[in-house]
1. Which value in nm describes the separation of the simple spin-label points at Val123 and Leu235, placed 7 Å from the Cα toward the beta carbon?
2. Taking only Cα atoms and a 10 Å spring cutoff, compute GNM fluctuations for the chain and point out the largest among Val403, Val363, Val258.
3. Over the Cα atoms of the range 1-59, each weighted equally, I'd like the Debye log10 I(q)/I(0) at q = 0.14, 0.26 Å⁻¹, rounded to two decimals.
4. Given axes a ≥ b ≥ c from the Cα gyration tensor, I'd like to know whether the range 291-380 is rounded (a/c under 1.5), prolate (a/b larger than b/c) or oblate.
5. Among 162-171, 334-343, 290-299, how do they line up by average Cβ neighbours within 10 Å per residue, starting with the highest?
6. With 10 angstrom as the radius, rank Lys233, Lys187 by how many other C-beta atoms surround their C-beta, starting from the fewest.
7. Structure shown: which of Lys27/Lys187; Lys27/Lys345; Lys187/Lys345; Lys27/Lys183; Lys108/Lys183; Lys187/Lys336 lie over 21 Å apart, alpha-carbon to alpha-carbon?
8. So how compact is the range 2-419: Cα radius of gyration and Dmax in angstrom?
Amino acid sequence: MILWTFCGLISMVGALCYVELITSYTKSGGEFTFILDAFGPVPAFLRMWTLLFLIGPSSNAVQALTVANYLTVPFFGCDEVSVPRNAVVLIAICVLFLTFFINCISVKWTARLQVFYTVAKIVGLIILIVTGLVFILKGNVSNLRNTFEGAEISITKFPLAVYSGIFAYSGWDYISSMTEEVKQPEKTIPRSVVISMSTVIVIYLLANIGYFSLLTPQEVLSSDAVAADFGTKALGDWSWLIWLFVALSAAGNLNGAVFGRTRTFFVAAREGLLPEFLSMIHINHLTPIPAIAISLPFSMLFILVGDALILIKYLTFIDWFFSAFTIAIIPYYRWKYPNMRRPFKIPLPLTIIFILFTLFIMVMTCYTQPFYSFMGVIATLAGVPIYYLCVWWTNKPPWLINVILKVNLFFQKFFFAIRQEEKTY
């Protein structure tokens, strides 16, 4: 409970830091846009590189596989290990295709789908909370008295615990990737972040109290799917409902990630750091179909290979680094541009606390997982020669320029896309 509260508050501080940056820039692109403006194209390109080829596709694959696992387990009537791998992969690919297709067709339908997923997640959590409270009122409180029983306090395991806790609160950074599509972002975004984060913290805490009405601390610590295990004990034959709600929750995470990250690729292309066709929108649907479609094959590859979780371990250190790097812009710009327009200002001490906390997690990650951290750095730095070859090198030979123009024209025709006519930034 302490960890869940701590992770929730840290996530809210991080979200409010992003709100200051969002309302100051009012441009889509998220971390890429902020880093590009503050530190230049090379670090911005490296952030985009990790999102496009590494973090984005691997996390998409994990979410799609999670949806598939939670849909297939009740159907086959067995545990996750016994479910046929081919069935899981096929369903995951179908979920991935459906999500990308809806994102390509309509922004409105994508938003409606996200609302549906969010409502489903909240309904599922309310079912868990109410069920847990019923058992508590019946006298099942023994586990609540011994919640620290069997707990192991270790500074070396703290980063992993924080990763797990903050992952549950993740998603607040996606709004920074789509600022241009939000009406009155100066008013809407701060209000929505505070309300949504506060609500999520309360719901998660109540859900965890409900879990302990039936599950022992050892069962909670050893479980790979606490909600599913609780549902099996509490609801019996109706436990499939919990599996369904968890699947819908994972599908919502996937939908939000696809919608948010693809706007980063769109903006990166608009700034000249990716091929021009990725900055185009469909002539009828007015969606950035090229930028959406580019990450689909990489996501499918990670589903087929099945090593997406390993790659996420490699890149955890890098993800934290770019979070700290992005939020460090706040004190840097407070010093460099004291008169800069800031509709929302977070207290500077909170920003410093978040940066120091992030640096601590990075140091502990290097200490506990040096190989994964090193490989993550190597994978990120692999983008440096790509940047200098494709972006920095401007005096390319005429034949190569001609090839690039033909490639852009081909994909423009293929995706039936045009350049953005109305300036939204």
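A short reminder: the numbers here are calculations on the coordinates, not readings from a lab. Note that the structure is predicted; figures quoted are calculated from it, not measured. When we count neighbours, we look across all protein chains shown, and the Cβ atoms used for this are built from the backbone with ideal geometry, even at glycine.
1. If labels sit at Val123 and Leu235, their model points lie 1.1 nm apart.
2. Answer for the Gaussian network model of the chain: Val403.
3. -0.53, -0.99
4. oblate
5. The most tightly packed comes first, giving 290-299, 162-171, 334-343.
6. Lys187, Lys233
7. Violating the 21 Å limit, Cα to Cα: Lys187/Lys336.
8. 22.2, 79
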